[in-house]
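Some notes on the structure that comes next.
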Amino acid sequence: MTDMDPVGGSHAAISDDYTEGIVGSIAAEAVRRAVVVAWMAVLLGLLVQLLMLALNLGLGTGWPGVAVLGDVAQGVSWAVLVCIGLAVGTVAGRDRALVMGLLGLVSGPVAWGIAKGAQRTVQSAMDLAPAGIDLFFYLVCAIKGIEYAALGAVLGYLSQHEVTRIRSYFLLGVAVGVLAAGAMTGLNLWRAAQLGTAVTPARLIGTAVNEFVFPIGCALVICMALRMKRLVGLR
């Protein structure tokens with residue numbers, strides 16, 4: 001038995017090294033995927049904010065002044081965090097739809113909370129009244145969790161089955177965007193009714209457009225990351 005111990009020990013060492021190699025490879029790929037998605041998400045956040053600024057100006061709400069910096073801080077940080085949260089799940093080997101659904105469920109509310117924190121920090125630095133944290137904020141977090149759980153689950157299904165057609169990801173983003181826009185528009189109307197205030201058409205349109213566009217952009221960011229992986233010959 002003593003003669004066999006070195007053999008068994010060597011097998012165990014090889015097995016441990018192999019396992020560590022696999023884990024290290026998955027972790028390295030997750031980091032690479034996160035980096036690729038991060039810079040694309042920054043561009044997405046900036047583009048969405050530019051779209052919202054142009055829309056508001058077109059609707060006659062006027063130039064927001066330095067307040068735009070808070071919106072940019074929120075939009076970019078939100079885009080980066082939620083897209084990276086979903087992208088990390090694309091390296092899962094099995095049950096990817098479940099993994100990405102759970103990541104979306106968590107990253108949606110967490111990213112929204114951090115993004116609002118970034119917005120409040122910038123607003124405070126600019127001596128502007130920071131956005132409040134109330135029941136409305138928590139309801140938005142709940143909607144974001146459900147929204148990105150659904151988006152993440154379907155993205156996980158598509159990526160695990162190696163679907164990289166842009167059209168598939170675009171249509172998925174459209175479907176989620178329509179539901180999110182409807183939910184957020186309804187929530188804003190409910191809040192206005194609770195407060196006894198009116199919601200301007202510009203605000204409703206802006207909210208609907210923002211909620212519609214962003215899931216499309218996030219789905220396309222994930223799609224581009226997967227297509228880039230395929231182009232460089234990775235599996």
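The values are calculated or read from the model by the stated rules, or taken from the named source; none is laboratory data. These figures come from a predicted structure and were not determined experimentally. Don't worry about glycine lacking a Cβ; one is built from the backbone with ideal geometry, like all the others, and counts go over all protein chains shown. What goes into the accessible areas is simple: the full protein's heavy atoms, side chains included, and nothing from ligands, DNA or RNA. Shrake-Rupley method; radii C 1.70, N 1.55, O 1.52, S 1.80 Å.
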In 10 Å bins starting at zero, report the fraction of Cα pairs in region 38-127 per bin as a rounded %. 18, 38, 29, 12, 4, 0
Please state, to two decimals, what the Cα-based radius of gyration of region 133-229 comes to when divided by 2.2 N^0.38 Å (N = residues). 1.24
Using the Cβ atoms and a cut-off under 14 Å, what net charge is assigned to the surroundings of Val178, where Lys and Arg are +1 and Asp and Glu are -1? -2
What is the diffusion coefficient of region 69-122 in µm²/s, taking the Kirkwood radius over Cα pairs and the Stokes-Einstein relation at 10 °C with a viscosity of 1.306 mPa s? 139 µm²/s
Once the dipole of region 139-219 is set up with Lys and Arg at +1 and Asp and Glu at -1 on Cβ about the Cα centre, which of Leu204, Val140, Phe214 lies farthest towards its positive end? Leu204
For region 186-230, compute Rh as the Kirkwood radius over C-alpha pairs and then the Stokes-Einstein diffusion coefficient at 25 °C and 0.890 mPa s; write the answer in µm²/s, rounded to an integer. 194 µm²/s
Student exercise, region 32-169 dipole from Lys, Arg, Asp, Glu Cβ charges, in Debye to nearest 20: 440 debye
Descending accessible area (1.4 Å probe), largest on the left, turns Phe137, Phe170 into Phe170, Phe137
Taking the inverse of the average 1/r across all pairs of different Cα atoms in region 77-181, what Kirkwood radius in Å do you get? 14.5 Å
When the expected Rg is taken as 2.2 N^0.38 Å, what fraction or multiple of it is the alpha-carbon Rg of region 128-175? 1.63
